[in-house]
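Below is one structure, written out as structure tokens; comments come after it.
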Amino acid sequence: MNYKDKYLPVDPDFIEYCDSQVTLKSSGKIHFFNDQHKVDDVKGQLSALNNTSEGYFLEMEIR
């Protein structure tokens, strides 16, 4: 797995909240460390909460 391909799953304490926000099609901002190891962010509308074998992951439509 490449560094830029690593994502953290949604914490189990927030799955129900995230699911409700996806249903409402809420907008949000996600902060992450970019390739230069600096804090970066992306804004978008929540579009899905995917349940995989590795955990729950939020999907966004980026603006």
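May I ask you to say which residue of 15, 30 is aliphatic (A, V, I, L, M), outside any helix (DSSP H, G or I) and out of contact with any Leu (no Cβ under 6 Å at 6 or more places or on another chain)?
30
Checking residue 57 against (1) aromatic (Phe, Trp, Tyr); (2) assigned to a strand (DSSP E or B); (3) over 11 Å from the mean Cα position of the chain (by Cα), which test does it fail?
The failed condition is (3).
How many of the residues making up region 35-51 are over 13 Å from the mean Cα position of the chain (by Cα) and free of Cβ contacts under 8 Å to residues at least 24 places away in the same chain?
5
So for region 39-52 (the condition being assigned to a loop (DSSP other than H, G, I, E, B) and surrounded by 10 or more Cβ atoms within 10 Å (Cβ to Cβ)), does at least one residue qualify?
Within region 39-52 (the criterion being assigned to a loop (DSSP other than H, G, I, E, B) and surrounded by 10 or more Cβ atoms within 10 Å (Cβ to Cβ)), the answer is no, since none of the residues qualifies.
Read-outs throughout are calculated quantities, based only on the coordinates presented, and are distinct from any laboratory measurement. Only a predicted model underlies this, so the values are computations on that prediction, with no experimental measurement involved. Neighbour counts are summed over all protein chains in view; Cβ atoms, including those assigned to glycine, are modelled from backbone coordinates with ideal geometry.
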